[in-house]
Amino acid sequence: MQLIDEVDTDQEDGPLGKRRISSTMHMATVFAALGGLLFGFHTGGISSAMVAIKQKIQLDHFWQELLVSITVGVAALSSLVGGALADCFGRKFVIRCAGFIFLLGSILFIGATDKTSLLISRIIIGLATGLTCSSVPLYIAECSPAHSRGFLVSMNSVFITGGNFISNFLCAAFGSYSGNGWRYAFAFACVPALLQVIFFHFLPESPLWYLDHGRVLDARDALKRLRPNLLDANKEYELIKARNDRDEQMFLEKGRPSIWTMLKSLHYIGIFMLGMSMFMFQQICGINAVLYYSGTIIQMAGVETVGISLWLAAASSGLYFICTIVSLLLVERFRRRLLMLGSLLMVFISLIIIASGFHLIANSSPEITIHDETTQSTVCGGFLTCESCVNSQRCGFCYENRVDKNGSCLPTTDDTFQYSAVGKCSQEDNAFGPAIWAPEWCPSEYAWIPIVGLLAYLISFAPGLGMMPWVVNAELYPRWLRSIGVSLATTANFFFNLIVTLPFLSTVDLLGKSGTFYLFTFFTLCALVTFFLFLPETSGRHLLSPEEIQWRLYSFQQKPFNSSSHGSNSNFRYMKIRAHNRQFYNEDEESSE
């Protein structure tokens, strides 16, 4: 992918409100980002659906983790080939294929009746997810004008969080429909998938993909459709065509660069490590663990009813959606680096609040005061507090109104989480009784603290690691490495997503709720230090210029393949001075040219 490396000041330097975006560009962004909406719908909404599904289909922690994480694992594999397919057949073709696969996976998911059919549908959805995430940001960035690229690429993040909110909202709204409400909720996913498959056919392919494949006239026609007027389209076409010809001449002289070129250059390795680390920290700071298991986390905090936990999960995802929209308005007004560092600082504070809240809940856990004779020979008979009882997957806490007087630890059943196997909370004894069954949480006066921390976490995360990895990775790589770089960075995203989400509930069992979130807090601190030291500023730059980023850091300062000695006239570079990456513009060089 490429864009102009010379700036038309009349067009680029005006205030944001005067920078026009064509209606076709808006439509291309929206229909491409429907893939992001489906991604968010299926991956984030599974948390609310799981609360309802496990009421009808017995799912232990392993199966819950598998159904959530299998989509991520398959997406990691499919994103590896997504970049190659996008290079070979075009970004548009891959996006439409992903929409069709989403449609098929959605139909199979809403018709699933057992663990196996649920698993198969989640695998198919994962295939579509990987193709979408490796092609949609690439397509939007390549079609966008430079002055609005960050804004338009960030629309994909808005649609991802929007899909998450819609799925959680629908699961809560249909939650009372005889345990099958999640099926009605996920039927909605068929609509955007069908719209994308149909309407994306009428939108243009990336003009830069056309240029890379020698289809010069098609590139000009695509720009004419994507730009607000013919003058802008022709001006941009001449600039990118001139740069394309210059690059092709250089490739003839020095050979066309490849993935091996990247591996031989510490400069390119540094670029890739930065792009990958942004997605790595996005995941290990806990965002998808929080989104995927938000309903479960809210139940862990002590919310008693399934309905309330579903609505609180919908509210939390709705808040994250709103914050992402607000962040969309900030991405072109504030520098990427400032948004990232400020966001990480607030995420760090929010995670401390969540972890501290769970720590207080654990320390004030109700005692087991009633020991049922039928449980004395089981593992449940040995627990002394509610916290230790619910930490075992085979036991749950049963209580009435006065939890400090009448709590007991009872075994769970193999069929449902709604009742205990024996005792006051069993189906026989509690059909019309006052006892409350809590298989995964403990009643506590501190239940509000983790929920407040969760909401603060979502607000803080959105403008930084929520959208910056997608934006910066679309800007960071040189033309010949962009598809490969975005594809590999997306694979890293899903790989670390899998590492975090697959063992999340098991990690909670091992470290406890507070320990798990203290671990996320530590990773967030590492991210804050890493990006403070190494993250360069990429806002306001054109996509033909990443080759000239100068790291000025130890051995990273060697020149990249397409350096200034080969005809580049880019006039910015980065120097590491007292742990800052500062941008310098050489006004004299620009004026002399």
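The table for this structure:
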| item | result |
| --- | --- |
| Qualifying residues in region 400-436 (those that are among the aromatic types (F, W, Y) and crowded, with 17+ Cβ neighbours inside 10 Å) - the one modelled with the lowest pLDDT | F417 |
| Y177 more than 19 Å from S206 (Cβ to Cβ), of a type in the set (S, T, Y) and modelled with pLDDT under 85 | yes |
| Unmet requirement for F397, which otherwise passes all of (1) assigned by TED's automatic domain parsing to the domain that holds G423; (2) in a helix (DSSP H, G or I) | (2) |
| Test result for T378, in contact with a strand residue (DSSP E or B) (Cβ under 7 Å, 6 or more places away or on another chain) and not basic (K, R) | yes |
| Residue, surrounded by the most Cβ atoms within 10 Å (Cβ to Cβ), within region 113-141, restricted to residues that are hydrophobic (A, V, I, L, M, F, W, C) and closer than 18 Å to F62 by Cβ | L118 |
| T9 modelled with pLDDT of 85 or more and over 17 Å from F109 (Cα atoms) | no |
| Output for region 141-150, where each listed residue is under 16 Å from P469 (Cβ atoms) and over 17 Å from the mean Cα position of the chain (by Cα) | A141, R149 |
| So F39, is it modelled with pLDDT of 85 or more, surrounded by 17 or more Cβ atoms within 10 Å (Cβ to Cβ) and within 17 Å of the chain's Cα centre (by Cα) | yes |
| Region 333-378 - residue that is of a type in the set (D, E, K, R) and surrounded by fewer than 18 Cβ atoms within 10 Å (Cβ to Cβ) and, of those, modelled with the lowest pLDDT | E373 |
| Odd one out for L59, checked against (1) part of a loop (DSSP other than H, G, I, E, B); (2) within 29 Å of F202 (Cα to Cα) | (2) |
| Evaluation of G99 against (1) modelled with pLDDT of 90 or more; (2) surrounded by fewer than 20 Cβ atoms within 10 Å (Cβ to Cβ); (3) under 20 Å from the mean Cα position of the chain (by Cα); (4) not β-branched (V, I, T) (one fails), failing number | (2) |
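The values are calculated or read from the model by the stated rules, or taken from the named source; none is laboratory data. Quick caveat, the model's predicted, so the values are computed rather than measured. For neighbour counting, all protein chains shown are included, and Cβ atoms are generated from backbone atoms with ideal geometry for every residue, glycine included.
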